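Enquirer: Pasting in a structure now, in structure tokens, and then I'll have a few things to ask.
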Amino acid sequence: PIQRSRTEIMLRNLGHMESPELFLARAMAQSLFLAVLCTPLLLFSLPFGLAIMLFCGVWYYNQQTATLERELDVKKATIERELPQFASTICQSLGTTRDVVAILNSYRRVCGPTLAGEIDKTLNDIMTGNAETAIHALETRVASPKLSQVTRGLLAVLRGDDQRQYFDILAEEFRKSQDEAVERELLQRPQKLYPYLGVLFVFLALMIAVSLGTDLLVSLNSLS
């Protein structure tokens with residue numbers, strides 16, 4: 001029940017209409033199909049073939065079941081990249097209006113498709129229900145600590161508080177956090193290149209060895 005509930009929440013947050021049972025059944029069917037593709041290996045070695053079939057099936061099933069978490073991570077990262085501009089826009093809009101629906105509608109026209117989809121769901125929830133519940137639902141769907149800070153500010157606006165200074169500070173914090181993340185990514189890039197440099201070194205060594213070997217063979221042939 002716990003796994004089913006967790007899978008159902010992830011599917012719903014990603015906009016997938018399939019049930020958890022159907023998602024897991026499809027992943028299992030695909031992993032079994034991959035295992036069946038490995039059956040020719042049984043002709044060469046029964047234990048080795050069975051081990052490869054089991055490994056491929058289990059590996060692919062785990063990859064498929066982890067797909068939802070990867071999609072959620074990508075979605076959260078995409079939305080968090082827009083939060084500095086989102087918070088700054090809210091701060092500017094609060095100078096003229098305290099209408100959260102109008103603010104969300106205005107920003108929805110200029111933001112990326114991922115955040116726009118979440119704003120659309122939130123606006124629809126506001127129109128069909130309670131505004132505070134809709135904003136809490138937005139926070140739950142994305143599960144981002146940074147977005148939670150934005151939603152807390154929007155809830156305070158709904159209660160009539162002046163949150164311009166809060167969103168101004170929040171936008172600056174988000175920008176600093178984003179700049180630090182970019183710096184960390186730049187520092188990690190040389191480390192990511194190490195495996196490729198190793199491969200390049202091996203190929204360079206092979207080229208040198210082939211060149212020296214060719215010269216050596218030519219020299220030996222000329223001496224003979």
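The values are calculated or read from the model by the stated rules, or taken from the named source; none is laboratory data. None of these values were measured; they are calculated from a predicted model. FYI the Cβ positions are ideal-geometry reconstructions off the backbone, even for glycines, and counts take in every protein chain you see. Remember, those area values only see protein heavy atoms, side chains included, never the ligands or the DNA or RNA. Shrake-Rupley method; radii C 1.70, N 1.55, O 1.52, S 1.80 Å.
Enquirer: Report, ordered by the first and then the second residue, all pairs with beta carbons closer than 7 Å, sequence separation of six or more or different chains, a first member in the stretch 100-125 that is within 13 Å of Leu83 (Cα to Cα), and a second member that is open to solvent by 50 Å² or more (accessible area, probe 1.4 Å) and part of a helix (DSSP H, G or I).
Expert: Partner pairs satisfying both residue conditions: Arg108/Asp120; Ala116/Arg108; Ile119/Arg108.
Enquirer: Among the residues of the stretch 68-82, write down those that are open to solvent by less than 60 Å² (accessible area, probe 1.4 Å) and within 17 Å of Arg108 (Cβ to Cβ).
Expert: The answer is Lys75, Thr78, Ile79, Glu82.
Enquirer: Answer with yes or no whether Lys192 is part of a helix (DSSP H, G or I), of a type outside the set (A, V, I, L, M, F, W, C) and either surrounded by 10 or more Cβ atoms within 10 Å (Cβ to Cβ) or modelled with pLDDT of 90 or more (or both).
Expert: The answer is no for Lys192.
Enquirer: Next up: Could you check how many residues of the stretch 51-79 are of a type outside the set (Lys, Arg) and either under 29 Å from Val142 (Cβ atoms) or in contact with a strand residue (DSSP E or B) (Cβ under 8 Å, 6 or more places away or on another chain) (or both)?
Expert: Residues meeting the conditions: 17.
Enquirer: Taking the stretch 11-41 on its own, how many of its residues are assigned to a helix (DSSP H, G or I), under 26 Å from the mean Cα position of the chain (by Cα) and farther than 19 Å from Tyr61 by Cα?
Expert: The number of residues fulfilling the criteria is 2.
Enquirer: Testing Arg175 on (1) open to solvent by less than 80 Å² (accessible area, probe 1.4 Å); (2) modelled with pLDDT of 85 or more, one condition comes back false. Which one is that?
Expert: Condition not satisfied by Arg175: (1).
Enquirer: Just the residues that are polar (S, T, N, Q), open to solvent by less than 60 Å² (accessible area, probe 1.4 Å) and over 16 Å from Arg12 (Cβ atoms), please, taken from the stretch 115-154.
Expert: Ser144, Ser148, Gln149, Thr151
Enquirer: Looking at (1) open to solvent by 60 Å² or more (accessible area, probe 1.4 Å); (2) in contact (Cβ under 8 Å) with a residue 12 or more places away in the chain, can you tell me which one Phe23 breaks?
Expert: (1)
Enquirer: Ok, one more. Give Gln92, Gln85, Gln63 a once-over and let me know the one that is open to solvent by 40 Å² or more (accessible area, probe 1.4 Å), farther than 23 Å from Leu170 by Cα, out of contact with any Leu (no Cβ under 7 Å at 6 or more places or on another chain) and at pLDDT 85 or above.
Expert: Unique residue meeting the criteria: Gln63.
Enquirer: Here are some residues: Val36, Val100, Val110, Val58. Which one is open to solvent by 50 Å² or more (accessible area, probe 1.4 Å), within 25 Å of Ile169 (Cβ to Cβ) and among the hydrophobic types (A, V, I, L, M, F, W, C)?
Expert: It is Val110.
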